[in-house]
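Beneath this line is the structure, given in structure tokens, with notes to follow.
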Amino acid sequence: MMHKQTIHDLNVAGKNVIVRVDFNVPMTDGQITDDNRIVQAVETIQALRTAGGKLILLSHLGRIKEAADKAKLTLAPVAVRLAELIDAPVTFVPATRGAEVEAAVASLQPGDVLMLENTRFEDLDGKKESNNDPDLGKYWASLADVFVNDAFGTAHRAHASNVGIATYIKESAVGLLLEREIDVLSTTIENPKRPFVAILGGAKISDKIPVIERLLTIADSIIVGGGMAYTFYKAMGYEVGTSLVELDKVDYASDMLARGKEKIILPVDFAIATDFRNDAFDRYDTYENIKPNEMGLDSGPLSSKRFAEVIAGAKTVLWNGPMGVFEMPAFQAGTKAVCDALVASNAYTIIGGGDSAAAAIQFGYADSIDHISTGGGASLELLEGKVLPGIAAVQDKK
Ligand code: AMP
């Protein structure tokens, strides 16, 4: 149950609504290369416009370390794309505060959309945005009557544009996107339809220990693939060659295998390579056959078949982390096979943000997955069961 105010609890008619969105889109030479995050924000923006709000949008874009970063990290192209997506004008002010901002705010009519410049331009002078400078939070709060936080990607950070504004404004709510992320990644996971299968992959165990621990108590089965799998095989005493291994996590992997032996499912075969290169693929082979000078860079077909059987029996599936080095074509098959198994299953399918979400989108599976999270770090922290400051700061339901 969502205990935070949502936009359904608000009456925004004629009010100034400051909305924190996540427009941190990938850009190359001033061109947006993937507009998914803008698309995802449209629903909340349109709902608030229809309700008669006067919108002031804030987002960060990349990291601003020096003045020269400003030219390539302006939000101006995002405003242009947003206007196309909502089929309405978006006024862009190339400033984060000051007279020009205030004049533009004063001239807003119900349904209008104003967008300010990249919030991290405020990081140049004392990291005011990223350190949640109280004066900056107060200033942005002073521009509006209501605050809506719809930026999941930064919800695990306390910045002036999320926690700061929420602290200093009278009324606040989560947007539709944030509401859905919380519903899925926290409520659904706490009370999943069973069997609940978790799939964990990616490079390192060390990044995911708190998530592994939590899933060990909640999930019925845990598939462990990606680079993580080799530390588990090392813990069982097998030769893993030059595969990715975290030597300081071997004991942890042993302990986890002992505690979760009924639940943990490891790949039984791998794409074996002589080097960390696309053209170094040698063969698919089982876990006993990795030679000292070889590395595993993906899970193999026997593993994919086994994983698909487990996924087929599930009612809820949560996936975080690719099964192999999916950036190289020779090592994509394991990750694609998981996508196929997710699509084929009748389960409710969830992909935590980050690389597995990027892979599923890149391979064209986005429309067939029930929920693809927009947050990487934020989705991991929510799955760990942590309280995210950007959510906590929003007002509770009355
Ligand atoms: P993470 O950010 O922890 O989800 O890790 C994602 C990264 O793990 C991707 O860049 C993959 O290339 C990498 N990865 C997956 N499997 C392997 C593997 N067997 N060896 C090395 N890196 C891997």
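Coordinate-derived values only; no laboratory data. A quick note: this is a predicted structure, and the numbers were derived from the prediction, not measured. Cβ atoms come from the backbone with ideal geometry, glycine included; neighbour counts cover every protein chain shown.
For the chain, what Kirkwood radius comes out of the mean inverse Cα-Cα distance, in Å?
One decimal place: 22.4 Å for the Kirkwood radius.
Suppose we keep just the DSSP beta bridges with both residues in region 1-133; what percent of those would be antiparallel, to 5? Spell out each step's value before the answer.
Details: 2 of 13 bridges.
Close to 15 percent.
Report, in listed order, any pair from Lys291/Lys315; Lys127/Lys336; Lys65/Lys138; Lys193/Lys305; Lys72/Lys336; Lys204/Lys291 with a Cα-Cα distance greater than 31 Å.
Details: Lys291/Lys315 38 Å; Lys127/Lys336 41 Å; Lys65/Lys138 24 Å; Lys193/Lys305 23 Å; Lys72/Lys336 34 Å; Lys204/Lys291 21 Å.
The answer is Lys291/Lys315; Lys127/Lys336; Lys72/Lys336.
Treating only the Cβ of Lys, Arg, Asp and Glu as charged (+1, +1, -1, -1), what charge dipole size does the chain show about its Cα centre? Round to the nearest 20 debye.
Numbers: 39 positive and 53 negative charges, 156 e Å.
Rounded to the nearest 20 debye, it is 740 debye.
Hey, what do the phi angles of region 219-228 turn into as Karplus ³J(HN,Hα) couplings, whole Hz, using 6.51/-1.76/1.60 and θ = phi - 60°, x for Gly and Pro?
Result, ordered by residue: 6, 7, 9, 10, 8, 10, x, x, x, 4 Hz.
Return the whole-Å distance between the Cα centroid of region 15-50 and the Cα centroid of region 330-398.
For region 15-50 versus region 330-398, the Cα centre distance is 19 Å.
Assuming a ≥ b ≥ c are the square roots of the Cα gyration tensor eigenvalues, decide whether region 68-142 counts as rounded (a/c under 1.5), prolate (otherwise, with a/b larger than b/c) or oblate.
On the way: a/c = 2.36, a/b = 1.36, b/c = 1.73.
Here region 68-142 falls in the oblate category.
Using a Förster distance of 22 Å, how high is the FRET efficiency between Lys65 and Ser142, based on the Cβ-Cβ distance and rounded to 0.05?
0.20
Quick one: the Cα spread of region 24-104 along its three principal axes, in angstroms, biggest first?
40, 33, 16
Just grab the label-to-label distance for Arg259 and Ser107, each label 7 Å out from Cα along the Cβ direction, in nm (one decimal).
6.0 nm
Ignoring everything except DSSP H segments at least 4 long, calculate the 222 nm mean residue ellipticity for the chain; use -39,500 (n - 2.57) per segment, divide by total residues, nearest 500.
Values: 15 runs with 129 residues, N = 398.
After summing the helix terms and dividing by residue count, I get -9000 deg cm²/dmol.
Any idea which of Asn293, Ala280, Tyr233 is furthest toward the positive side of the dipole for region 184-384, if Lys and Arg beta-carbons carry +1 and Asp and Glu beta-carbons -1?
It is Tyr233, whose Cα lies furthest towards the positive end.
With +1 on the Cβ of every Lys and Arg and -1 on the Cβ of every Asp and Glu, and nothing else charged, how large is the dipole of region 7-176 about its Cα centre, in debye rounded to the nearest 20?
Values: 17 positive and 23 negative charges, 48 e Å.
Dipole magnitude for region 7-176 comes out near 240 debye.
Starting from the 7 Å offset along Cα-to-Cβ, what nm value, one decimal, do you get for the label separation of Thr50 and Asp29?
Placing both labels 7 Å along Cα→Cβ, they lie 4.0 nm apart.
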